[in-house]
Amino acid sequence: MCYHVNQYSLDFDEDFKVTVPEYYVQNSSDRYHLNGFAHPMLWVIASDKPGELQQMEWGLIPFWVKNAEQAADIANKTLNAKSETVFELPSFRAAIKQRRCIIPVTGFYEWRHFKSKTYPYFIYPENSKVYLLAGIWEEWTDKETGEIRKTCSIITTAANGMMEQIHNTKKRMPLILDSTKARGWVSSGLTSEAIVNLMTPLEALKMKAHTISRLVTSRTENSNVAEVAAQEVYDELPQLLS
């Protein structure tokens, strides 16, 4: 799955131009480790404003949710949306057809199981500045307060050859799109068939990864620091197969 991402210092490739608001420039420093279960505000490029960055809360709240208590409960279950079932589940089936978004990340974090222990990895682009993760979004209105909240979820797919070795229990990975597919993802008028055709795992050769320290899961230290993504070697851990 994909519950931990890095959005520090986003910089887009020449073929994927995005208007970056001044607010982002002033507030982009401490985004080394964003934990989905804390429901942070993510920077996204959404279908309602496909040429610019905006913020949405991580954890999709469907438009039909009745109250804040139900919203809080469902947001913990909608950090990710599986590509195989996104058209079927009530929480996602309207959004996937009408409200898609891109979540740009510098990289993301995942865990590998080996001999009853878990080892954290940082996964990042091989030849581009950011990964463009495919997502969906919704706008929910709290009827008691009138507050309008934009929320989002990251689409996941079956893992490719490299991610099968890292996320070796559930064997999932985020749906990562190249610039051309990303522009298509947030365009209007896509048929369901066209959307499905975009939901294929990124090739492993376009991904790099290294092990990191267990700071990323520390409950006593601040993990939202640059050091969280620094490489740390575990001698007992076999290298990934190419």
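Mean residue ellipticity at 222 nm from the helices of the chain, using -39,500 (n - 2.57) per DSSP H segment of n ≥ 4 over the full residue count, to the nearest 500 deg cm²/dmol?
Using -39500 (n - 2.57) per qualifying helix, the result is -4000 deg cm²/dmol.
Net charge around P50, counting only other residues with Cβ within less than 12 Å of its Cβ (Lys, Arg = +1; Asp, Glu = -1)?
Net of charged neighbours comes to +3.
Semi-axes of region 112-151's equivalent ellipsoid from the Cα gyration tensor, sqrt of 5 times each eigenvalue, largest first, rounded to whole Å?
37, 20, 7
How about region 25-70: which GluC sites (Glu not before Pro) there lie in a loop by DSSP and see at most 16 other Cβ atoms within 10 Å?
Nothing satisfies the criteria.
List every residue whose amide H lies under 5 Å from the amide H of I212, counting only residues 5 or more places away in sequence or on a different chain, with H placed 1.01 Å from N in the peptide plane.
Answer set, sorted by chain and number: Y121, F122, E232.
For region 55-60, just list the computed ³J(HN,Hα) in residue order, Karplus coefficients 6.51, -1.76 and 1.60, θ = phi - 60°, integers in Hz, with x standing in for Gly and Pro.
9, 9, 7, 7, x, 5
Using the Karplus equation 6.51 cos²θ - 1.76 cosθ + 1.60 (θ = phi - 60°), what ³J(HN,Hα) coupling, rounded to whole Hz, does each residue of region 184-192 give in order, writing x for Gly and Pro?
Once θ is set to phi - 60°, the couplings for region 184-192 become x, 4, 9, 7, 8, x, 5, 6, 4 Hz.
Can you pull out the trypsin sites (Lys or Arg not before Pro) in region 1-107 that DSSP calls coil and that have at most 16 other Cβ atoms within 10 Å?
K17, K66, K77
What shape does region 1-136 take by its C-alpha gyration tensor, where a ≥ b ≥ c are the square roots of the eigenvalues and a/c under 1.5 counts as rounded, a/b above b/c as prolate, and the rest as oblate?
Oblate shape, in that a/c is at least 1.5 and b/c is the bigger or equal ratio.
Which entries in the list K82/K150; K82/K181; K97/K206 go over 24 Å, if you measure between the two C-alpha atoms of each?
K97/K206
R149 to K129: FRET efficiency via 1/(1 + (r/R0)^6), r the Cβ-Cβ distance, R0 45 Å, to the nearest 0.05?
With R0 = 45 Å, the Cβ-Cβ based efficiency is 0.95.
Tell me the net charge near L202. Cut-off is 11 Å between Cβ atoms, L202 excluded, with +1 for each Lys or Arg and -1 for each Asp or Glu.
-1
Below 15 angstrom from the Cβ of M1, what's the summed charge of the other residues (Lys, Arg +1; Asp, Glu -1)?
+3
Taking 0.36 nm per intervening residue step and subtracting the Cα-Cα distance, what contour gain separates S116 from T200 on full extension?
27.2 nm
Say each of Q26 and R214 gets a label point 7 Å from the Cα, pointing the same way as Cα to Cβ; how far apart are those two points in nm?
Between Q26 and R214, the simple spin-label model gives 4.1 nm.
Using only the alpha-carbon atoms, what does the chain span along each of its principal axes? Please give whole angstrom values in decreasing order.
54, 39, 37
FYI, it's all coordinate maths here, none of it is from the lab. Since the model is a prediction, treat every value here as computed from it, not as a measurement. Reconstructed Cβ throughout: ideal geometry from the backbone, glycine too, with neighbour counts over all protein chains shown.
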